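Have a look at the structure below, then the notes.
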Amino acid sequence: MVNRDQVAGIAKQMKGSVKQAAGKATGNRRTEVEGVADKIAGKVQKAYGDVKDKVKKTF
């Protein structure tokens, strides 16, 4: 089962990938870095959701 944090994390990762690619394409370094930050935040949020899911399954 997938929880809300896992879905939101994946969405942030995708948003970050798009933002990073747009920044590269336009030469906008700030947008590119924001995209990388969004991807990292998405990975952290998904990992948090994974841990929540494992704890929930344990109990």
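The values are calculated or read from the model by the stated rules, or taken from the named source; none is laboratory data. Given the structure is predicted, the values throughout are model-derived calculations rather than measurements. Every residue, glycine among them, receives a Cβ derived from its backbone with ideal geometry; neighbour counts consider all protein chains shown.
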Item checked: Cβ pairs under 7 Å, 6+ apart, first in region 1-17 and closer than 13 Å to residue 41 by Cα and among the hydroxyl-bearing types (Ser, Thr, Tyr), second modelled with pLDDT of 95 or more and in a helix (DSSP H, G or I) -> 17/35; 17/39
Next item on the list: Scan region 20-36 and give yes if some residue there is crowded, with 18+ Cβ neighbours inside 10 Å, modelled with pLDDT of 95 or more and among the basic types (Lys, Arg), otherwise no.
Entry: no
Item checked: Per-region count, region 3-19, residues buried (at least 16 other Cβ atoms within 10 Å of the Cβ) and of a type in the set (S, T, N, Q) -> 2
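Residues that are assigned to a helix (DSSP H, G or I) and free of Cβ contacts under 8 Å to residues at least 24 places away in the same chain: does region 38-49 have at least one?
Taking region 38-49 as the starting set, the residues that turn out to be assigned to a helix (DSSP H, G or I) are 38-49.
Now drop any that are not free of Cβ contacts under 8 Å to residues at least 24 places away in the same chain, which leaves none.
Scanning region 38-49, I find no residue that is assigned to a helix (DSSP H, G or I) and free of Cβ contacts under 8 Å to residues at least 24 places away in the same chain, so the answer is no.
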Notebook entry, point to check: Conditions: (1) surrounded by 14 or more Cβ atoms within 10 Å (Cβ to Cβ); (2) on the phi > 0 side of the Ramachandran plot. Residue 46 meets all but one. Number of the miss?
Noted result: (2)
